[in-house]
């Protein structure tokens, strides 16, 4: 109850006070962390569960695999895969689908595909997970081929909204405009009305192809108002293809919707500069400063000995590893010198 209400401190206090904990109790606490987006804590508690020699069941595995997928904890995901194989849980449709998702989001598409092919039973979620995995990693032809296989299976696993997001994403990553239009039209054959996610894929596809006019026409046909992410893609495309007319229209919308995004101000300033409207260009940067808008620092993770470390650009959260980090950077620089004539000043200026 406490976990579902977001009061994890109370949930953990009760959990710690229990002398005997079975797998159901462990699952409740682990799920509480996972449902509140605390992936690190989810994995840490799972490691404690292993140390206590409590055997996880398929519910545990599905929850922890989701946490692994969200932060790229591949080593722990592999341990779960091996454990599931030993326990005969790998062919469970929910565990198998979670393994596909984990491997794909951790960058191991080949492992995801092996899991998919080994599953004796597949549901629509399994197909969607594999199609989306291939699409995300730019393997568009394989994603579309798998979609054809899914349709060939008959009426058991008909495509749904998520399926078409996957195949449209595949078209986006590969720049397949004609195929994208075809898939977008095919939705209605299965009684599916395109939603904002599908329109977003098509707009993104057209913007990447430089077809901003077509993208704007599609936006005007959308059943809902475009969100800031969609408008941001159009704004970036307008800057790239030098379409100031649509760019200015998008600017007026997006700066009102998302006033704290630094990228929108910067691109808007560049578009105005290209139009030689210098006062407007300067005004964008001034407005950004007045509103106190700053760039969001980049973030990355690394997994060492089943522990996940987070790094933020411009901070020194892991100063205890500073010496080792700079030693590795120096080694990389030495290797770079053998490939290209890169000055030390340029290299250290990047970090």
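Here are the numbers:
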{"read-out": "Leading residue by the ranking (modelled with the highest pLDDT) among those in the range 29-57 that are farther than 19 Å from residue 70 by Cβ, surrounded by 14 or more Cβ atoms within 10 Å (Cβ to Cβ) and in contact with a helix residue (DSSP H, G or I) (Cβ under 8 Å, 6 or more places away or on another chain)", "value": "57"}
{"read-out": "Breaking point among (1) in contact with a strand residue (DSSP E or B) (Cβ under 7 Å, 6 or more places away or on another chain); (2) over 20 Å from residue 132 (Cα atoms); (3) crowded, with 18+ Cβ neighbours inside 10 Å, for residue 60", "value": "(1)"}
{"read-out": "Condition broken by residue 53, with the remaining ones in (1) closer than 30 Å to residue 143 by Cβ; (2) out of contact with any strand residue (DSSP E or B) (no Cβ under 7 Å at 6 or more places or on another chain) satisfied", "value": "(1)"}
{"read-out": "Elements of type helices (runs of 4 or more DSSP H) contained in the range 154-263, each with 2 or more residues being within 25 Å of the chain's Cα centre (by Cα) and closer than 29 Å to residue 274 by Cα", "value": "161-174, 196-208, 212-221, 228-241, 244-257"}
{"read-out": "Failed condition for residue 126, given (1) surrounded by fewer than 21 Cβ atoms within 10 Å (Cβ to Cβ); (2) touching a residue at least 24 places away in the same chain (Cβ under 8 Å)", "value": "(1)"}
{"read-out": "Test result for residue 209, exposed (fewer than 14 other Cβ atoms within 10 Å of the Cβ), at pLDDT 80 or above and in contact with a helix residue (DSSP H, G or I) (Cβ under 8 Å, 6 or more places away or on another chain)", "value": "no"}
{"read-out": "Yes/no for residue 72 being surrounded by 14 or more Cβ atoms within 10 Å (Cβ to Cβ) and on the phi > 0 side of the Ramachandran plot", "value": "yes"}
{"read-out": "Residues of the range 83-117 that turn out to be in a helix (DSSP H, G or I), surrounded by fewer than 18 Cβ atoms within 10 Å (Cβ to Cβ) and touching a residue at least 24 places away in the same chain (Cβ under 8 Å), as a count", "value": "3"}
{"read-out": "Enumeration of residues in the range 26-56 that are farther than 21 Å from residue 88 by Cα and outside any helix (DSSP H, G or I)", "value": "36, 37, 38, 52"}
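Results for (1) under 21 Å from residue 115 (Cβ atoms); (2) touching a helix residue (DSSP H, G or I) at 6+ places or on another chain (Cβ under 7 Å); (3) at pLDDT below 90, shown as yes or no for each residue.
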residue: 5; (1), (2), (3): no, no, yes
residue: 11; (1), (2), (3): no, yes, yes
residue: 78; (1), (2), (3): yes, no, no
residue: 84; (1), (2), (3): yes, yes, no
residue: 89; (1), (2), (3): yes, yes, yes
residue: 103; (1), (2), (3): yes, yes, no
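The values are calculated or read from the model by the stated rules, or taken from the named source; none is laboratory data. Since this is a predicted model, take the numbers as computed values, not measurements. Using ideal geometry, Cβ is built from the backbone for each residue, glycine included, and neighbour counts are taken over all protein chains shown.
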